[in-house]
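Everything on this sheet refers to the single structure shown next.
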Amino acid sequence: PTPHAGATGGDGPVVVAHRGASAYAPENTLAAVDRAAAMGIDWVENDVQRTKDGRLVVIHDATLNRTTDAKRLYPQRAPWRVKDFTAAEIARLDAGSWFGRWYAGARVPTLRQYLDRVSRNHQKLVLEIKNPQLYPGIERQTLDLLNNEGWLDGDHLGRRLVVQSFSADSVRRVHRLRPGIRTAYLGTPPTAELPAYARFADQINSAYSGLSPRYVSAVHALKGPHGTPVKVFAWIVNSGGDAERLTGYGVDGLITNVPDVVRRAVTAS
Ligand code: G3P
Ligand code: CA
């Protein structure tokens with residue numbers, strides 16, 4: 001077993017497909033979820049935002065133009081903000097062609113569609129509330145949808161779901177609204193400030209370049225809101241060498257665009 005086996009209760013860091021298997025299929029689409037599943041990767045990460053008419057959708061940027069054909073379809077609507085388009089308008093967009101012709105016609109999924117696919121694939125989800133400052137009340141709305149879709153029952157709460165954000169306020173809000181949910185703060189707080197984060201976050205999910213064995217140990221020494229050691233997931237780890245090094249640091253998870261490469265490295269180390 002790797003040195004951190006005690007912290008994870010497993011044999012090594014879990015591998016999380018970042019925005020799905022996003023090196024191989026267009027990010028945050030159902031195709032990227034399925035691609036991860038086809039590789040045997042059971043954790044996926046996504047980004048949740050909200051449309052003009054209040055629907056939750058899965059997309060990373062605050063604007064539509066990088067990952068869809070919004071500019072072509074709606075030339076007058078610059079700067080193509082997600083929050084300025086209705087769900088019906090977004091549903092018409094092609095979210096696959098930018099990535100490759102093979103994926104033409106892939107859609108921006110609603111969160112409901114996304115959850116349904118992850119469930120069907122028997123996968124687990126790291127759900128990121130993205131840009132929460134743009135979407136007042138998005139935490140409660142997301143939790144309501146998760147609840148309606150069966151994602152807040154005992155099994156999901158303990159084993160299949162982590163909710164994360166770069167906004168500490170947003171993570172704290174999720175924890176207060178539904179204390180059973182496992183949460184993660186995205187960032188690398190100074191060691192002295194970690195105890196404050198451990199009051200509402202079960203995980204610290206950090207850019208891998210800021211991590212060291214000492215920092216990972218400092219996080220593991222803390223107990224999170226559920227009384228278990230706080231975990232560390234590292235992102236975005238896209239090489240086997242980095243995956244091996246971070247496994248040596250004792251991280252609990254590796255968030256990656258190339259989950260097949262990272263899993264090979266983790267299994268070998
Ligand atoms: O899960 C970590 C990662 O998703 C944070 O960065 O910009 O890809 O959402 P970003
Ligand atoms: Ca993300």
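Here, each number is a calculation from the coordinates, and none is a lab measurement. Not measured: the values here are computed from a predicted model. Neighbour counts run over all protein chains shown; Cβ positions are idealised from the backbone, glycine included.
Looking for whichever is farther than 17 Å from Asn257 by Cα and among the hydrophobic types (A, V, I, L, M, F, W, C) here; the options are Ala32, Ala36, Ala91. Which one fits? Explain how you work it out, then say what you get.
Details: Ala32 fails: farther than 17 Å from Asn257 by Cα; Ala36 fails: farther than 17 Å from Asn257 by Cα.
Sole residue among the options that is farther than 17 Å from Asn257 by Cα and among the hydrophobic types (A, V, I, L, M, F, W, C): Ala91.
Of all residues in region 223-269, which are within 16 Å of ligand 1 (Cβ to nearest atom), assigned to a loop (DSSP other than H, G, I, E, B), over 10 Å from Tyr208 (Cβ atoms) and not hydrophobic (A, V, I, L, M, F, W, C)?
Quick first cut of region 223-269, residues within 16 Å of ligand 1 (Cβ to nearest atom) only: 231-238, 242-243, 246, 251-259, 262.
Checking which are assigned to a loop (DSSP other than H, G, I, E, B) leaves us with 236-238, 251-252, 257-258.
Filter once more, so that each one left must be over 10 Å from Tyr208 (Cβ atoms): 252, 257-258.
Matches in region 223-269: Asp252, Asn257.
Just for helices (runs of 4 or more DSSP H) wholly inside region 1-108: which have at least 3 residues that are under 24 Å from Ser167 (Cβ atoms) and out of contact with any helix residue (DSSP H, G or I) (no Cβ under 6 Å at 6 or more places or on another chain)?
Working: elements: 5-8, 30-38, 70-73, 87-91.
By residue number, no helices (runs of 4 or more DSSP H) qualify.
Of the conditions (1) farther than 27 Å from Ala265 by Cα; (2) touching a Pro at 6+ places or on another chain (Cβ under 9 Å); (3) surrounded by fewer than 24 Cβ atoms within 10 Å (Cβ to Cβ), Met39 clears all except one; give me its number.
(1)
Among the listed residues Leu64, Leu127, which satisfies the condition of being within 25 Å of Leu186 (Cα to Cα) and away from ligand 2 (no atom under 16 Å from the Cβ)?
Leu64
Which count do you get for residues in region 220-245 that are over 24 Å from Asn28 (Cβ atoms) and either of a type in the set (Lys, Arg) or over 18 Å from the mean Cα position of the chain (by Cα) (or both)?
Residues flagged as over 24 Å from Asn28 (Cβ atoms) and either of a type in the set (Lys, Arg) or over 18 Å from the mean Cα position of the chain (by Cα) (or both) within region 220-245 amount to 14.
Checking the condition in contact with an Asp or Glu (Cβ under 6 Å, 6 or more places away or on another chain) and closer than 24 Å to Asn131 by Cβ, which residue from Thr183, Thr188 passes? Steps first, answer last, please.
On the way: Thr188 fails: in contact with an Asp or Glu (Cβ under 6 Å, 6 or more places away or on another chain).
Checking each option against the conditions leaves just Thr183.
State yes or no: is Thr228 surrounded by fewer than 17 Cβ atoms within 10 Å (Cβ to Cβ) and not small (Gly, Ala, Ser)? It would help to see each step written out before you state the result.
Details: surrounded by fewer than 17 Cβ atoms within 10 Å (Cβ to Cβ): yes; not small (Gly, Ala, Ser): yes.
Yes, satisfied.
Considering (1) within 16 Å of ligand 2 (Cβ to nearest atom); (2) of a type outside the set (Lys, Arg); (3) crowded, with 24+ Cβ neighbours inside 10 Å, say which one Ala70 fails and leave the rest.
Evaluating Ala70 over (1) within 16 Å of ligand 2 (Cβ to nearest atom); (2) of a type outside the set (Lys, Arg); (3) crowded, with 24+ Cβ neighbours inside 10 Å leaves (1) as the failure.
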